[in-house]
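Visitor: A single structure is presented below for examination.
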Amino acid sequence: GGATQPAPAPAQPSAAQPGAAEPPPLPGQAQWYVGVGGQRQGPYDLGGLAEQAGAGALGPDTLVWRAGMAQWQPAGQVPELASVLASVPPPLPPQ
């Protein structure tokens, strides 16, 4: 029988990259963009979207997009954002 070659050890990725101003986003955290007044804003993670919603900049009719989506969609039609929108009180009715 032939001797099996030992598998080469995988190269260790460098833990810290010098010069990087900020760490990359955590895996699984989608980067969302928001369309406000014809301007693209972002990217935001879900926490950032919640802040935008709390500030009144993000509502069910606000267009949002993230990688993997075919086109911009109103936030109210995106299941992932239902919890974000649900955490914000609706606008006050006009007096």
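Values quoted throughout were computed directly from the atomic coordinates according to the rules given, and no laboratory measurement underlies them. Predicted model only: the values in this text are computed from it and were never measured.
Visitor: On the principal axes of its Cα set, how long, how wide and how thick is the range 32-86? Give whole Å, largest value first.
Guide: The Cα atoms of the range 32-86 stretch 26, 23, 18 Å along the principal axes, largest first.
Visitor: Moving to a separate point now. Under 5 Å between amide H atoms, partner at least 5 residues away or on a different chain: which partners does Asp45 have, H built in plane at 1.01 Å?
Guide: Residues meeting the criterion, in which the H sits 1.01 Å from N, are Trp32.
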